[in-house]
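Input: a single structure, listed below in structure tokens.
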Amino acid sequence: MISIGNFFFRYRNFLFIFLYLLLFIPSPKLFTPELFGDQYYLMPIILGLVVTIAGELIRGITIGLAYIIRGGRDKKVYAEKLVTEGIFNHCRNPLYVGNILMLLGVGILSNSLYYVGVVIPLFLFIYQAIVLAEENFLRNKFGADFDAYCARVNRWVIRLSGLGHTMSQMKFNYKRWLLKEYNTLFIWLVGIVAILLFKYPMLTRDPDQRNLIFGVLVLLLGGIYLYVRYLKKSGKMTDK
């Protein structure tokens with residue numbers, strides 16, 4: 001599993017995009033009019049949005065409170081220090097938990113039985129392998145300190161006790177959240193817009209109107225993306 005995890009760690013940034021594209025593969029519906037009536041489409045829309053937004057909130061809070069080097073070094077697992085503050089004091093892998101919820105949410109939103117039943121379990125297997133590879137590196141580097149951390153903090157389940165105290169003791173760095181997360185936010189939001197407009201034609205019955213709305217929203221999101229990228233590359237906004 002560790003070797004599998006090291007392999008997928010190298011390509012995990014592309015993995016998110018690839019899994020997003022799988023949302024548009026034809027699939028039987030997760031929620032059907034036979035089971036939920038004529039308004040069946042409200043179920044995946046509401047539930048999917050709640051789950052996927054919860055995932056981004058977890059990612060945002062995690063990054064804003066205590067940042068961890070997510071890209072490794074030379075596409076290999078790497079850590080300069082053992083990060084245990086912020087949300088990492090309540091879960092060892094909150095960013096991955098956020099990713100899982102984001103993809104599960106858009107899978108529900110797309111009303112795809114194949115995505116929720118096949119792609120998400122595959123995604124969980126890949127993430128478990130990546131986490132085992134990371135833990136192997138951290139245990140070899142930090143030894144007893146990492147073992148003590150593992151004994152105290154869950155791998156996947158976020159411990160809610162004391163979470164309010166943790167957040168109140170740290171200042172949320174919204175600039176860091178924006179600068180580190182704008183790529184993910186752009187892909188995520190464009191995906192949500194595409195799913196809502198093209199998976200649910202009943203929301204906008206006129207195809208021309210649907211295409212126009214999609215084009216306008218993508219241009220708007222793209223403009224915001226390019227502006228944040230400009231601020232980052234020019235040094236006019238930093239996370240300090």
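Details
- When the range 199-223 is filtered for residues that are surrounded by 14 or more Cβ atoms within 10 Å (Cβ to Cβ) and over 18 Å from I17 (Cβ atoms), the ones remaining, listed by number, are K199, Y200, T204, R210, I213, F214, L217.
- Some residue of the range 29-52 being surrounded by 15 or more Cβ atoms within 10 Å (Cβ to Cβ), free of Cβ contacts under 8 Å to residues at least 40 places away in the same chain and of a type in the set (S, T, Y): yes
- Those residues of the range 74-116 which are without any contact (Cβ under 8 Å) to a residue 12 or more places away in the chain and not basic (K, R), in sequence order: D74, E80
- Test: residue in the range 107-125 that is farther than 29 Å from V193 by Cβ and surrounded by 15 or more Cβ atoms within 10 Å (Cβ to Cβ): no
- Checking each residue in the range 72-92 for being of a type outside the set (D, E, K, R) and either at pLDDT 95 or above or more than 25 Å from F186 (Cβ to Cβ) (or both) picks out V77, Y78, A79, L82, V83, T84, F88, N89, H90, C91.
- Counting only helices (runs of 4 or more DSSP H) that fall entirely inside the range 136-208 and contain at least 2 residues that are of a type in the set (S, T, N, Q) and either modelled with pLDDT of 90 or more or out of contact with any Asp or Glu (no Cβ under 6 Å at 6 or more places or on another chain) (or both), the qualifying elements are 163-168, 174-198.
- Flag if V119 is under 23 Å from I61 (Cβ atoms) and in the same structural domain as T52 (by TED's automatic domain parsing): no
The values are calculated or read from the model by the stated rules, or taken from the named source; none is laboratory data. Worth saying up front: this structure is predicted, and the values here are computed from it rather than measured. Ideal geometry is used to build each Cβ from the backbone, glycine not excepted, and the neighbour counts take in all protein chains shown.
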